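The values are calculated or read from the model by the stated rules, or taken from the named source; none is laboratory data. The shown structure was predicted, so the numbers you read here are calculated from the model rather than taken from an experiment. Every residue, glycine among them, receives a Cβ derived from its backbone with ideal geometry; neighbour counts consider all protein chains shown. Just the protein is used for accessible areas: all its heavy atoms, side chains included, with ligands, DNA and RNA removed. Shrake-Rupley method; radii C 1.70, N 1.55, O 1.52, S 1.80 Å.
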Amino acid sequence: MGYYLNHDLLFASAFIPEHEPEEGEIYPTEIVIPNKITYNGVTYSVDFFDLSFDNEGAMEYVTFRGPLPVQKNYHRRNLRKVTVEAGIFSLNMGFSHYTALEEVVFEDPKDMERAGLYFYDCPKLKDIYIPADVDILPRVRQCPNADIIFAPDHPKYMVVDGDIYSKDGKILYDVPKGKKNYKVKKSVKEIGVYAFYGNGNIRHIRVPSSVKKIAAYAFGNMENLKSVKLSKNLKIAEDHLLARSTKLKTITYPKKIRIIQGSFGRKYGCRLKKMYIKAEKLKKIKVNGLPKTCTIYVKNQLVKKQVRDAGFNGKIIVDP
């Protein structure tokens with residue numbers, strides 16, 4: 001464990017060293033992040049722990065889908081357990097490609113709310129248990145042995161078939177795993193922000209007409225996503241809804257759609273080939289990031305003009 005000391009305020013920030021052990025030096029496979037340290041006879045309160053150097057491929061600081069490093073550092077290869085002592089003010093914890101990591105333990109579970117808890121490609125990670133008085137939604141991707149378990153009396157979340165829902169089942173908050181062909185349950189009325197974000201398992205998503213709201217980034221950064229069938233009752237397509245899902249080639253917006261926020265993320269590899277807009281009139285459309293090679297199919301000349309006025313210079317076909 002390493003530390004940065006603020007001698008004036010008697011605060012310390014903790015970090016895990018990135019470098020390999022030197023000859024004769026041994027790093028532990030289990031570490032404790034203490035809430036206090038003593039150096040040269042002076043005691044410092046540890047107020048901050050940061051694992052941000054691990055964030056290759058960090059996507060909006062939510063989940064990680066970065067490539068496996070050419071040479072994983074010592075802790076990625078060997079760190080098995082992390083224990084966090086109670087009371088550290090700020091925690092920034094995301095673990096990507098930690099192939100030996102099994103668990104992260106909090107002496108005070110309430111501290112989980114400030115930790116974030118993002119895991120990507122941690123094959124030995126065990127189940128994560130969230131007590132009833134802790135309000136946090138961990139993001140776990142490509143961790144085949146880890147499930148998120150909420151206390152049965154948790155007031156906000158419940159898990160059904162591995163997916164996280166609101167207690168009444170009307171909001172789908174998170175899909176950590178899922179099958180290749182994923183059908184959203186008909187009880188769902190809303191899909192939460194980042195719900196499928198970074199999911200590498202799913203290739204096709206079908207959203208029923210019961211869903212009236214899909215939050216931003218819901219289908220973003222899905223490396224194998226090929227198709228999405230949106231709800232017939234969707235009126236607003238939020239910002240970055242599909243950003244970084246680079247294998248998606250076709251998207252169809254339903255007849256009731258009125259606002260398409262855009263932000264398709266060309267610089268992140270948007271490769272849409274076809275877009276279908278079934279609405280007869282739009283209130284607003286943004287096409288930023290949409291490649292010129294995409295062909296947009298619209299219902300009439302009015303929508304064609306709206307798309308062109310939004311700045312799209314590619315091919316638009318009127319297909320009643």
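Here are some notes:
- The candidate values are (1) 136; (2) 193; (3) 149; the one derived from this structure for volume of the Cα convex hull per residue in Å³ carries the label (3).
- Remark: for residue pairs Lys185/Lys315; Lys81/Lys185; Lys126/Lys189; Lys186/Lys278; Lys110/Lys235; Lys126/Lys247, the C-alpha separation exceeds 28 Å in Lys185/Lys315; Lys81/Lys185; Lys126/Lys189; Lys110/Lys235; Lys126/Lys247.
- Charge dipole of the chain about the Cα centre (unit charges at C-beta), most positive-ward option of Cys270, Pro176, Val303: Val303
- Shape analysis of the range 122-246 places it in the oblate category; the axes a ≥ b ≥ c from the Cα gyration tensor give an a/c of at least 1.5, with a/b not above b/c.
- Tensor-based shape of the range 209-320 (alpha-carbon gyration tensor, a/c under 1.5 rounded, otherwise prolate or oblate): oblate
- One Cα centroid belongs to the range 16-44, the other to the range 226-263; the line between them spans 48 Å.
- Take every pair of alpha-carbon atoms less than 8 Å apart whose residues are at least six positions apart; their mean separation over the length of the chain yields a relative contact order of 8 percent.
- GNM top mover of Asn233, Asn145, Asn40 - the chain, alpha-carbon springs below 10 Å: Asn40
- Ellipticity estimate at 222 nm from DSSP helix runs (n ≥ 4, -39,500 (n - 2.57)) divided over the chain, nearest 500: -1000 deg cm²/dmol
- Computed over the range 184-281: relative contact order in percent, which uses C-alpha pairs under 8 Å that are six or more apart: 23 percent
- Taking the accessible area of the chain, probe 1.4 Å, and keeping the other protein chains in place, the carbon and sulfur fraction comes to 50%.
- In sequence order, the range 170-182 has phi-based couplings of 8, 10, 8, 8, 7, 10, x, 10, x, 7, 4, 9, 10 Hz under the Karplus curve 6.51 cos²θ - 1.76 cosθ + 1.60, θ = phi - 60°, and Gly or Pro positions carry x.
- Candidates Glu25, Glu223, Glu238, ranked by Gaussian network fluctuation over the chain, Cα under 10 Å, top entry: Glu25
- Here the relative contact order of the range 167-238, from alpha carbon pairs under 8 Å that lie six or more residues apart, stands at 31 percent.
- Comparing Tyr194, Leu234, Val134 along the charge dipole axis of the range 126-239, the residue lying farthest to the positive side is Leu234, per the Cβ-charge model.
- The range 186-201 - phi-based ³J(HN,Hα) in whole Hz, Karplus 6.51/-1.76/1.60, Gly and Pro as x: 6, 6, 7, 10, 8, 10, x, 4, 6, 4, 9, 3, x, 6, x, 7
- Close amide-amide hydrogen proximity is noted between Leu282 and no other residue 5 or more places distant or on a separate chain, at a cut-off under 5 Å (H modeled in the peptide plane; Pro and chain starts excluded).
- The mean accessible area for residues of the chain, using a 1.4 Å probe and ignoring ligands and nucleic acids, is 49 Å² per residue.
- Using the Karplus relation 6.51 cos²θ - 1.76 cosθ + 1.60 with θ = phi - 60°, the per-residue 3J(HN,Hα) values for the range 231-237 come to 4, 5, 9, 6, 9, 10, 9 Hz, with x marking Gly and Pro.
- Principal axes of the range 105-196: Cα extent on each, largest first, Å: 39, 29, 21
- Candidates Asp153, Asp50, Asp163, ranked by Gaussian network fluctuation over the chain, Cα under 10 Å, top entry: Asp153
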